[in-house]
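Student: Mind having a look at this structure? Questions to follow.
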Amino acid sequence: MHKFLSAGALSGAIAVSLGAFGAHGLKQIVSSADVAVFQTGVQYQMYHTLALMLVAIVYDRLPSKWIMWSGYLFSLGVLFFSGSLYLITALKAAERAVPVIVGILTPLGGLFFIGGWLCFLIGVLKKH
């Protein structure tokens, strides 16, 4: 699916850019623990960037609503999981309090990732 390849390519570019910022500029702004939180966001974004691209490739061979849903859930996972970790780090860099709702987004994003992998599994198994 073209939309997941495009989303994956854009997400990959963002992940590499943020990873470079985290490795070089962020160290001077926040604690090493906060840098580690940020890098976890980058790491999971990159994993699921590759997963989005896999979804696009597999969908061409095994089109199903399950494979498509896995791509949507991976995208939501990146937004909620990685995005919340980036936001937490940005708030700490600005010396602002992290609202409780932001902390809730991280595990919700993790659930989207898990759901994406389970949908992917179902999509592959239903075609065999």
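No value in this document is a laboratory result; all are computed from the given coordinates. On a predicted model such as this, the values are computed, not experimentally measured, just so you know. FYI the Cβ positions are ideal-geometry reconstructions off the backbone, even for glycines, and counts take in every protein chain you see.
Student: Mind checking which residues of the range 91-128 are in contact (Cβ under 8 Å) with a residue 60 or more places away in the chain and β-branched (Val, Ile, Thr)?
Tutor: If the condition is that a residue be in contact (Cβ under 8 Å) with a residue 60 or more places away in the chain and β-branched (Val, Ile, Thr), then Val124 is the only one that fits.
Student: How many residues are of a type outside the set (A, V, I, L, M, F, W, C) and surrounded by fewer than 14 Cβ atoms within 10 Å (Cβ to Cβ) when one looks only at the range 104-128?
Tutor: 4
Student: Could you check the range 55-69 and list, in sequence order, the residues that are surrounded by 15 or more Cβ atoms within 10 Å (Cβ to Cβ), in a helix (DSSP H, G or I) and of a type outside the set (A, V, I, L, M, F, W, C)?
Tutor: Once the filter is applied, which keeps residues that are surrounded by 15 or more Cβ atoms within 10 Å (Cβ to Cβ), in a helix (DSSP H, G or I) and of a type outside the set (A, V, I, L, M, F, W, C), the range 55-69 yields only Tyr59.
Student: Still on this structure: Among the listed residues Leu52, Leu73, identify the single one that is closer than 16 Å to Phe120 by Cα, touching a Ser or Thr at 6+ places or on another chain (Cβ under 7 Å) and either among the polar types (S, T, N, Q) or assigned to a helix (DSSP H, G or I) (or both). Outline the logic, then answer.
Tutor: On the way: Leu73 fails: touching a Ser or Thr at 6+ places or on another chain (Cβ under 7 Å).
Exactly one residue qualifies, and that residue is Leu52.
Student: When the residues of the range 15-33 are narrowed to those that are buried (at least 17 other Cβ atoms within 10 Å of the Cβ) and under 18 Å from the mean Cα position of the chain (by Cα), which ends up nearest to Leu73 (Cα to Cα)?
Tutor: Taking the candidates together, the pick is Ala15.
Student: Let me ask you something else. Condition first: of a type outside the set (A, V, I, L, M, F, W, C), in contact with a helix residue (DSSP H, G or I) (Cβ under 7 Å, 6 or more places away or on another chain) and without any contact (Cβ under 8 Å) to a residue 40 or more places away in the chain. Now tell me which residues in the range 63-83 satisfy that.
Tutor: Gly77
Student: Let me ask another. Inspect the range 24-35 for any residue being farther than 30 Å from Ala94 by Cα and not in a helix (DSSP H, G or I) and give the result as yes or no.
Tutor: No: the range 24-35 contains no residue that is farther than 30 Å from Ala94 by Cα and not in a helix (DSSP H, G or I).
Student: What tally of residues in the range 88-121 results from selecting those that are part of a helix (DSSP H, G or I) and of a type in the set (D, E, K, R)?
Tutor: So the answer is 1.
Student: Yes or no: Phe81 in contact with a Pro (Cβ under 9 Å, 6 or more places away or on another chain), surrounded by 13 or more Cβ atoms within 10 Å (Cβ to Cβ) and part of a helix (DSSP H, G or I)?
Tutor: Criteria met by Phe81.
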